Amino acid sequence: MALNIVIMAALCAVTTIMANTKIAVFNDALRPIVLEYREKRVTKSALGTTALAFGIGYIVGFIPQSIASSVIIIHVVLLGTDIIGSYLPDDKKYSIWIAGAAGGVYGVVMGAGLGTIQKVFEILPYNFLDSLGQVSSVVLVAFAVFPALVVALQYGWKKGMITFSATVLAQVVTTQFGSFNLANGNTIVINANAIALLVGMIFMISYAMNDKRERTDSQAQLANIFAERVKQIKKYWYLFALSGALIALAASMSIVTESALSAPLYQEGQFNSAALTELARVVGFIPLVVTTGIATGTYSPAGIKMVFVIGSIGAAMGQPLLAFVAGGIWMSIEVLLLTKFSVLLDRFPGMRDAGDNIRTAITKVLEIALLVGGVIAATAIAPAWGGLFVVGLYVLNGTFKKKMVDLAIGPVGALLVGVISNILVLLNLMTPPGL
């Protein structure tokens with residue numbers, strides 16, 4: 001037990017530092033928001049609130065499964081460090097040390113007992129956290145549209161529509177035919193959002209690569225947009241190596257597991273089957289993690305999740321130290337390949353010239369996606385008035401003396417609806433949905 005707590009404290013300390021320095025967050029939907037914060041289009045409080053809205057529902061949802069299987073599902077750990085790292089100040093001399101200490105405390109809680117966290121949320125008169133998770137429901141689907149908007153802004157609406165049509169088609173086809181049953185009974189499911197985003201980026205990159213315009217001085221100033229965004233990732237490669245090593249170690253010791261699918265397999269000691277299940281998920285997530293990493297300059301502390309496969313193999317072999325070393329080496333290779341790919345993209349004038357359009361497209365898509373997600377979540381929390389509240393907040397925001405960033409209105413609005421709903425339930429002015 002003591003060793004488990006030490007490992008979890010170390011893992012959470014490292015991943016909280018990574019979230020605080022904006023080089024890595026586990027939540028795929030949060031990476032574009034981190035980019036907005038880094039480029040000063042979103043405030044610190046808005047980033048933290050968005051991370052909370054995105055992650056808290058999943059954390060609470062996976063806690064019962066983690067308790068039942070006696071293995072912590074990694075979302076509970078890394079979504080928590082996303083939230084802590086996003087909220088903590090990052091502009092102070094000792095910010096990294098504060099983030100590390102806070103993450104370490106969270107890791108101790110994770111290692112010592114999850115039941116306490118679950119009980120805290122059960123105290124609420126109306127536990128709205130499951131519904132709050134719907135804030136991010138549209139983000140990953142909508143984010144696949146941004147390459148089409150970049151193409152339209154740079155090369156005209158016709159090419160933009162072609163890219164958009166291909167993106168939608170990829171989503172439909174992958175959803176329909178992207179599931180494969182293996183002989184051993186496992187199923188490989190290709191992530192449709194990831195493939196749609198990948199197809200959109202292929203079109204965007206191909207148009208840029210075929211752009212024959214000569215490089216101008218203004219284009220030179222926009223050079224290396226992708227390489228610049230992943231420069232910080234490369235700078236902190238040792239943190240990625242450490243996070244990969246610790247995740248693989250924790251998995252090999254049956255402390256954490258990659259998903260609710262592999263948790264029962266860990267419980268039964270079927271580590272080879274767990275490795276195959278996790279490998280299938282790796283295949284589906286490669287496009288999403290890599291493309292969002294390059295586009296935003298923020299990666300995942302678990303990379304493409306291959307470290308979980310390494311951890312499961314280590315558990316099957318009874319070799320946690322080997323898993324630790326292999327996990328660190330693997331993550332170092334991932335970071336190196338990511339930076340190499342970004343440098344390759346920056347060799348084409350069209351990609352360098354796309355810098356402003358990429359920023360504009362990502363911001364616009366996220367504004368709409370987060371607003372829609374906020375309305376969906378708020379309506380689930382308070383069907384009678386939740387959607388009205390978020391939409392009202394959005395349209396009135398322009399009249400406030402201290403305006404909120406448009407990107408934050410959806411998550412903040414949904415969170416406020418949850419808080420107000422609890423007050424109304426206490427006052428017997430509202431009945432929670434379903435009761």
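Here are the numbers for this structure:
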item	result
Enumerated helices (runs of 4 or more DSSP H) restricted to segment 222-273, each holding at least 1 residues that are hydroxyl-bearing (Ser, Thr, Tyr) and closer than 18 Å to Met8 by Cβ	237-252, 263-267
Number of the exception - Ala408 against (1) over 30 Å from the mean Cα position of the chain (by Cα); (2) surrounded by 18 or more Cβ atoms within 10 Å (Cβ to Cβ)	(1)
Residue in segment 174-200 that is nearest to Ser137 (Cα to Cα), counting only those that are in a loop (DSSP other than H, G, I, E, B) and of a type outside the set (Gly, Ala, Ser)	Asn191
Complete set of residues in segment 281-330 that are part of a loop (DSSP other than H, G, I, E, B) and either at pLDDT below 90 or under 13 Å from the mean Cα position of the chain (by Cα) (or both)	Gly297, Thr298, Ser300, Pro301, Ala302, Gly303, Ile304, Lys305
Qualifying positions in segment 8-45 - part of a helix (DSSP H, G or I), of a type in the set (Val, Ile, Thr) and at pLDDT 95 or above	Val14, Thr15, Thr16, Ile17
Failed item in (1) more than 22 Å from Thr292 (Cβ to Cβ); (2) touching a Pro at 6+ places or on another chain (Cβ under 9 Å); (3) not aromatic (Phe, Trp, Tyr), with Met8 passing the rest	(2)
Qualifying position, being modelled with pLDDT of 80 or more, surrounded by fewer than 21 Cβ atoms within 10 Å (Cβ to Cβ), under 17 Å from the mean Cα position of the chain (by Cα) and not in a loop (DSSP other than H, G, I, E, B), among Gly80, Gly48, Gly85	Gly48
Inter-residue pairs, beta-carbon under 6 Å, first within 23 Å of Leu3 (Cα to Cα) and among the aliphatic types (A, V, I, L, M) and in segment 256-271, second at pLDDT 90 or above and in a helix (DSSP H, G or I), 6+ apart	Val256/Ile74; Val256/Ala250
Hey, Tyr94 without any contact (Cβ under 8 Å) to a residue 24 or more places away in the chain and among the aromatic types (Phe, Trp, Tyr) or not	yes
Cβ-Cβ under 6 Å pairs, at least 6 apart or on other chains, segment 424-435 side more than 14 Å from Gly386 (Cβ to Cβ), far side part of a loop (DSSP other than H, G, I, E, B) and not basic (Lys, Arg)	Leu426/Pro125
Qualifying residue in segment 27-34 (condition: at positive phi and in contact (Cβ under 8 Å) with a residue 60 or more places away in the chain)	no
Sole residue being surrounded by 18 or more Cβ atoms within 10 Å (Cβ to Cβ), free of Cβ contacts under 8 Å to residues at least 24 places away in the same chain and of a type outside the set (Asp, Glu), chosen from Leu415, Leu393	Leu393
Leu249, sole failed condition from (1) over 15 Å from the mean Cα position of the chain (by Cα); (2) farther than 16 Å from Ile72 by Cα	(2)
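The values are calculated or read from the model by the stated rules, or taken from the named source; none is laboratory data. What you are looking at is a predicted structure, and each value in this text was computed from that prediction instead of being measured. Here Cβ is always computed from backbone atoms with ideal geometry, including for glycine, and neighbour counts include all displayed protein chains.
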